[in-house]
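Here the structure comes first, spelled out in structure tokens, and everything after it is commentary.
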Amino acid sequence: MDLNSASTVVLQVLTQATSQDTAVLKPAEEQLKQWETQPGFYSVLLNIFTNHSLDVNVRWLAVLYFKNGIDRYWRRVAPHALSEEEKTSLRAGLITNFNEPVNQIATQISVLIAKVARVDCPRQWPELIPTLVESVKVQDDLQQHRALLTFYHVTKTLASKRLAADRKLFYDLTSSIYSFACSLWNHHTDTFLQQIYTGDEAAAANSLERTLLSLKVLRKLTVHGFVEPHWNAEVMGFLHAVFERLKQFLECSRSIRAESICRDRLEKTIILFTKVLLDFLDQHPFSFTALIQRSLEFSVSYVFTEAGEGVVFEQFIVQCMNLIKMIVKNYAYKPSKNIEDSSPETLEAHKIKTAFFTYPTLTEICRRLVTHYFLLTKEELTMWEEDPESFTVEETGGDSWKYSLRPCTEVLFIDIFHEYNQTLTPVLLEMVHSLQGSTNVENTNAILIKDAVYNAVGLAAYELFDSVDFDQWFKNQLLAELQVSHDRYKPIRRRVIWLIGQWISVKFKSDLRPVLYEAIRNLLQDRDLVVRKLPVHVTNCIFHGLICISLFFFQYLESMFTLLFQLLQEVTQCDTKMHVLHVLSCVIERVNMQIRPYVGCLVQYLPLLWKQSEEHNMLRCAILTTLIHLVQGLGADSKNLYPFLLPVIQLSTDVSQPPHVYLLEDGLELWLVTLENSPCLTPELLRIFQNMSALLGKSFTN
């Protein structure tokens, strides 16, 4: 492909490929696809996306085609691989100038340079790193930023390579540039702090962006660039400096307006500092030993004392808690039962942990977790009132413990309580004893404290097995609290039924179950959806905790099943319906044929729910599970379900239908139990066997 003559043609086709008119767009895309394997095509693309006078959309498309071409044709062994001559030219052109004015395109160029570096650096592209190092030193702000952005993406990509030879190359690269990376980070950090203190927010925002990028580079080099980083003074010096910089940045947050552009970047940088520590601990636990004391002091100070007031924010608290949790749980820091079998490094780390987690420290952490972080917030209480169903979904599902504050605090509490249960059990029991008796419904704070303490007792149920007589507690206090009907007491009713669900498989006498069934039935009739939803969790725990349901339950079966079905109809969110369906399935499975008199309403409702859940395959999986247990419970009478049941099986087991990816396993099980319970083989049942050949073909190919 001649560059001069081809550039105009390629530019024209790229322009057509940005059109919203499919009649213009489709032919252009076909033509570009044909050119992908033509020699010189990527050189033309390079000329186009580096020409800043052209339309941004065209340049954006050119850089995307170039990036995709690297994945497909850059390696020597790839079909239609680019020639070495063209690749040499392209490598040189990519690092000629770092002056892309459009942020999005600059990012894509940095990524595609990193993709080339993954294959060619350093052997075929030895000049890349020296060029980047020199380019980040220039005074021009734009060029410096673009070079630093590329430096980060290249470092990130090279750090991700895992073959031994590639690791060795990255170690060599790191040793050659680590000092420069540290000085670059310190320079941009000092510049930012100076500009903040002088009130120059605009300049500070630019410096902070460079601080962030240089810190990202250092993170990859520090975590992945050394075999035994604790022997490198510069590495350990940088990690100790992280704590000082964190303090400086947290103090800076006091003087930066919430709406300032600096604020968001500052918080991102603070979080990145914590990620450096977390990643280093994860990859090099023994090298982290020298940082255990300082990490714990820093995290506990900001999260569990007044030092953090006014400067900490939610994600930072989460990161600090994760750091404490990783140190507490780290197997590298736990000596063997036979001390002589433990390494000196393990014993040293354990000694530091033991010296830090004294009785006063553990007591303060426990009390602050329970009486501060476990408390329902105003926002949560408002959500409860305004959108109760979303509140229950948030409570039972939500984000991973690593990223969301409430689950993170609960996991930290569980881990610390497990590790130091002999110290903390008396502390928690003292908190429980201080809350004996009913709580004044007018005292909102006391209600929230009781809710938090009960939460802690539920989370620590297995650790408290020998210390709490739960049966007596249930009879003497908890049961009475379930019966308090005042609207302001509903957080306690909700928490008590949850608490019972936590303890049901730990310690709960069978002769107390009829009283519990009665309490559950009453709660399922509560006006508040959140309170009604919690018995679903407890009922689930009860059924899973029994090999067979006690005879006491059958007198409640009709009312329980009816109330659960009413709840299923009332709720609207997919997660909630799945949860309720799961419990209904569990009930049907446990009582088996005894369910027959009560399932009519559910049988009539499931076709409607199936239709409504067309876009929600996980809900359809729950429906399939319910149908499996229904068919088993109904036996031969399940033939009355065939008008709905057989089309469901047909769809779920048809590998030509996209939903089969989600539904196939449950669909096959439903097909099997339907055949097992069928009184005779009908033509409709035989018709489903049309799916069998494709299913067998799929199983053989897999």
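Here, each number is a calculation from the coordinates, and none is a lab measurement. Everything numeric in this text was worked out from a predicted model, so none of it was measured. Cβ sites come from the backbone with ideal geometry, for glycine too, and all protein chains shown count toward neighbours.
DSSP loop GluC sites (Glu not before Pro) in segment 1-110 with at most 15 other Cβ atoms within 10 Å of their Cβ, which ones? The partial results should precede the final answer.
On the way: sites: GLU29, GLU30, GLU36, GLU84, GLU85, GLU86; in loops: GLU36.
For GluC sites (Glu not before Pro) across segment 1-110 that sit outside H, G, I, E and B with at most 15 neighbouring Cβ atoms in 10 Å, the list reads GLU36.
What is the magnitude of the charge dipole of segment 161-333 about its Cα centre, with +1 placed on the Cβ of each Lys and Arg, -1 on the Cβ of each Asp and Glu, and no other charges, expressed in debye to the nearest 20?
Numbers: 19 positive and 19 negative charges, 116 e Å.
For this selection, approximately 560 debye.
Treating each Cα of segment 596-701 as an identical point scatterer and summing with the Debye formula, the log10 of I(q)/I(0) at q = 0.11, 0.19, 0.20, 0.24 Å⁻¹ comes to -0.32, -0.95, -1.05, -1.43. Rounded to the nearest Å, what's the spacing between the alpha carbon centres of segment 324-342 and segment 170-209? Just the number, please. The distance from the Cα centre of segment 324-342 to that of segment 170-209 comes to 37 Å. Orientation-averaged projection of the chain equals 39.0 nm² [convex hull of Cα atoms, one quarter of hull surface area]. Protection proxy ranking of 362-375, 617-630, by the mean of other Cβ atoms within 10 Å over each peptide's residues and highest first, is 617-630, 362-375. Dipole orientation for the chain: of the candidates LEU645, ALA456, PRO607, LEU645 has the Cα lying most toward the positive pole (charges on Cβ; Lys, Arg +1; Asp, Glu -1).
Under the criterion of Cα pairs below 8 Å and six or more residues apart, the relative contact order for the chain equals 6 percent. At each listed q (0.17, 0.24, 0.30, 0.31 Å⁻¹), what is the log10 of I(q)/I(0) that the Debye formula gives for segment 468-525 modelled as equal alpha-carbon point scatterers? Ignoring solvent entirely, the Cα scatterers give -0.51, -1.01, -1.50, -1.56.
The Rg/Rh ratio of segment 27-142, with both radii computed over alpha carbons and Rh defined as the Kirkwood radius, is 0.96.
Normalising the Debye intensity of segment 161-333 to I(0), with uniform scatterers on Cα atoms only, and taking log10 at q = 0.08, 0.10, 0.17 Å⁻¹ returns -0.25, -0.39, -1.08. Cross-link reach is defined here as a Cα-Cα straight distance under 25 Å, omitting same-chain residues fewer than 8 places apart; for LYS161 the lysines meeting it are LYS67, LYS87, LYS115, LYS216, LYS220, LYS275. With each label modelled as a point 7 angstrom along the Cα→C-beta vector, the GLN293-LEU435 pair spans 3.7 nm. In the chain, taking the dipole from charged Cβ atoms about the Cα centre, the farthest positive-side position among ILE95, THR439, LEU362 is held by ILE95.
Rounded to the nearest 20, the size of the Cβ-charge dipole of the chain about its Cα centre is 840 debye, with Lys and Arg at +1 and Asp and Glu at -1. Highest-first packing order for the peptide set 420-426, 304-310, 665-671, 491-497 is 491-497, 665-671, 420-426, 304-310, based on the mean count of other beta carbon atoms within 10 Å.
Rounded to whole numbers, the Karplus 3J(HN,Hα) couplings from phi for segment 184-195 are 5, 5, 4, 4, 5, 5, 4, 4, 4, 4, 5, 5 Hz, using 6.51 cos²θ - 1.76 cosθ + 1.60 with θ = phi - 60°, and x at Gly and Pro. The shape of segment 200-264 comes out prolate: with a ≥ b ≥ c from the C-alpha gyration tensor, a/c is at least 1.5 and a/b beats b/c.
Using the Karplus relation 6.51 cos²θ - 1.76 cosθ + 1.60 with θ = phi - 60°, the per-residue 3J(HN,Hα) values for segment 618-630 come to 5, 5, 5, 4, 5, 5, 4, 4, 4, 5, 4, 6, 5 Hz, with x marking Gly and Pro.
Please give the calculated 222 nm ellipticity per residue for the chain, where each DSSP H segment of at least 4 residues contributes -39500 (n - 2.57) and the sum is spread over every residue; nearest 500 deg cm²/dmol? Working shown, then result.
Numbers: 34 runs with 496 residues, N = 702.
Computed ellipticity for the chain at 222 nm equals -23000 deg cm²/dmol.
List the aspartates and glutamates whose Cα lies under 20 Å from the Cα of LYS639, skipping any in the same chain that are fewer than 8 positions away. List returned: GLU589, ASP666, GLU669, GLU676, GLU684.
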